[in-house]
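Visitor: Got a structure for you, written out below as structure tokens; questions coming shortly.
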């Protein structure tokens, strides 16, 4: 009987139209970023960090930007090389269905680069 089951879950939590909506993958990113933000604030309240609100916001900005850029660039370089070399604008083709594809290892590398840039700026 299990041989008849077809895994066909929708990528959308809520769909607003053809191809538009809240996707599970995007929701996971948002929840991860919120957890990072609240974790930084919690560390400060426990006395484990001396970062002020501005530094926390800037750190979040740098790392989130790093995750998004690194994840996208990592995907394009590692998994979609043919399309990226044929059409480099496909990396940022928001007008053509949005950004498709993110690589977790690219996101991790991007977050690390974002953190290092923030640390250098703040002399931490």
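Visitor: Does the range 47-113 classify as rounded, prolate or oblate by the C-alpha gyration tensor (a ≥ b ≥ c root eigenvalues; a/c under 1.5 gives rounded; else a/b over b/c gives prolate, otherwise oblate)?
Guide: prolate
Visitor: Within 10 Å, count the other beta carbons around each residue, average over each peptide in 114-120, 48-54, and list them highest first.
Guide: 114-120, 48-54
Visitor: Further question: Return one number: the angle in degrees, 0 to 90 and rounded to the nearest 10, between the long axis of the Cα atoms of helix 24-45 and the longest principal axis of the Cα atoms of the chain.
Guide: With rounding to tens, the tilt is 10 degrees.
Visitor: For the chain, count all C-alpha to C-alpha pairs, find those more than 23 Å apart, and express that count as a whole percent of the total.
Guide: Of all Cα-Cα distances in the chain, 48 percent exceed 23 Å.
Visitor: Could you calculate the FRET efficiency of residue 89 with residue 52 from 1/(1 + (r/R0)^6), where r is the beta carbon distance between them and R0 is 35 Å, rounded to 0.05?
Guide: The computed FRET efficiency comes out at 0.35.
Visitor: Here's another thing I want to ask about it. In nm, to one decimal, how far is the modelled label at residue 33 from the one at residue 9, with both set 7 Å along Cα→Cβ?
Guide: Reported label-point gap for residue 33 and residue 9 is 2.3 nm.
Visitor: Another question about this same structure. Report, to the nearest 10°, how far helix 104-122 tilts away from the longest principal axis of the Cα atoms in the chain, using its own Cα long axis and a range of 0 to 90°.
Guide: The two axes meet at around 20 degrees.
Visitor: When only C-alpha pairs under 8 Å and at least 6 residues apart count, what is the relative contact order of the chain, in percent?
Guide: For the chain, the relative contact order is 24 percent.
Visitor: For the chain, find the longest principal axis of its Cα atoms and tell me its angle to the long axis of helix 53-78, 0 to 90°, nearest 10.
Guide: 30
Each value in this text was obtained by applying a stated rule to the coordinates, not by laboratory testing. As the structure is a computational prediction, the values presented were derived from the model and not from experiment. As a convention, Cβ positions derive from the backbone with ideal geometry for all residues, glycine included, and neighbour counts pool all protein chains shown.
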